[in-house]
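Okay, so here's the structure we're looking at.
The values are calculated or read from the model by the stated rules, or taken from the named source; none is laboratory data. Everything quoted here is computed from the prediction, not taken from an experiment. Backbone-built Cβ (ideal geometry, glycine too); neighbour counts: all protein chains shown. What goes into the accessible areas is simple: the full protein's heavy atoms, side chains included, and nothing from ligands, DNA or RNA. Shrake-Rupley method; radii C 1.70, N 1.55, O 1.52, S 1.80 Å.
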Amino acid sequence: MSDPLPYVLVLFYSRSGATRAMAEQFVAGIESQSGISARLRTVPPVSRTCEAVDPEIPEEGAIYATLDDLRHCTGLALGSPTRFGNMAAPMKHFIDSTSELWMNGALIDKPATAFTSTSSPHGGQESTLLSMLLPLLHQGMVYAGIPYSETELFDTVGGGTPYGASHLAGTASDRPLDDIERKLCQAQGRRLARLALALDAMRRQR
Ligand SMILES: Cc1cc2nc3c(=O)[nH]c(=O)nc-3n(C[C@H](O)[C@H](O)[C@H](O)COP(=O)(O)O)c2cc1C
């Protein structure tokens, strides 16, 4: 039986939809490459009361990620809104459940990247992206940002950083992705897909 198509896991949290819109652009970028697919997953919100539980399948949108989605991916794009200059708690909560993968080295030498959305232009896009990079490095992943050969990085008046794609959603969270933000999400997705295939081939040669 032939191997299943390798996939990049696009794992995001989004409350008002901005980070989800970015995730969808990543999917388009990844799936523009042949020989690889994208798997879109989200994480449930966390609650103040530990008794509260969400249904296992969300009422709409992407389904919740499992550890197996992460274990078997060939690459990872991690998306979270900025919250006080850092990733949102639901994403951190999910990451903190991945000790077993860390102990088994399941993510070593797999490429990863991050993306975020903020309400204000200087509200912590870069700090959030850098904070999201930290656990990925602990997992042994290879972080890939956006190179300046994507010349939109020079022109953007919204989001877009060499640390990863970002989006300026505005104070009412109603500013849609602009053309540059969209292009940079897609470019980052394409690059991640190419790196995922290359590193997958490298791991198979061992
Ligand atoms: C608790 C909380 C903290 C936030 N902290 C920041 C922040 O530090 N900087 C910022 O620009 N926006 C901040 N925001 C706004 C969100 O990052 C912004 O609305 C984002 O686009 C939401 O993404 P989503 O639509 O995917 O949920 C915060 C929002 C919440 C609810």
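Of all the numbered requirements in (1) surrounded by fewer than 19 Cβ atoms within 10 Å (Cβ to Cβ); (2) in a loop (DSSP other than H, G, I, E, B); (3) within 14 Å of the ligand (Cβ to nearest atom); (4) free of Cβ contacts under 8 Å to residues at least 60 places away in the same chain, Pro147 misses one, and that requirement is (3).
Each residue in region 192-206 was checked for being open to solvent by 50 Å² or more (accessible area, probe 1.4 Å) and in contact with a helix residue (DSSP H, G or I) (Cβ under 8 Å, 6 or more places away or on another chain), and 0 of them qualify. Looking at Leu134, Leu129, just one residue is within 24 Å of Pro162 (Cβ to Cβ), open to solvent by 80 Å² or more (accessible area, probe 1.4 Å) and aliphatic (A, V, I, L, M), and that residue is Leu134.
Just to be sure, is Asp179 more than 16 Å from the ligand (Cβ to nearest atom) and farther than 25 Å from Ile108 by Cβ? Here the answer is yes, as Asp179 does meet what is asked.
Within region 151-162, the presence of a residue that is hydroxyl-bearing (Ser, Thr, Tyr), surrounded by fewer than 20 Cβ atoms within 10 Å (Cβ to Cβ) and in contact (Cβ under 8 Å) with a residue 60 or more places away in the chain is excluded.
Among the residues of region 122-144, those identified as without any contact (Cβ under 8 Å) to a residue 12 or more places away in the chain and either aliphatic (A, V, I, L, M) or not in a loop (DSSP other than H, G, I, E, B) (or both) are Leu134, Leu137. Within region 45-72, residues that are under 15 Å from Leu107 (Cα atoms) sit with their Cβ atoms under 8 Å from residues that are open to solvent by 60 Å² or more (accessible area, probe 1.4 Å) and charged (D, E, K, R), at 6+ positions apart or across chains, in these pairs: Leu67/Glu100; Asp69/Arg39. Selection of region 111-126 for residues being within 13 Å of the ligand (Cβ to nearest atom), among the small types (Gly, Ala, Ser) and more than 12 Å from Thr161 (Cα to Cα) yields Ser119, Ser120, Gly123.
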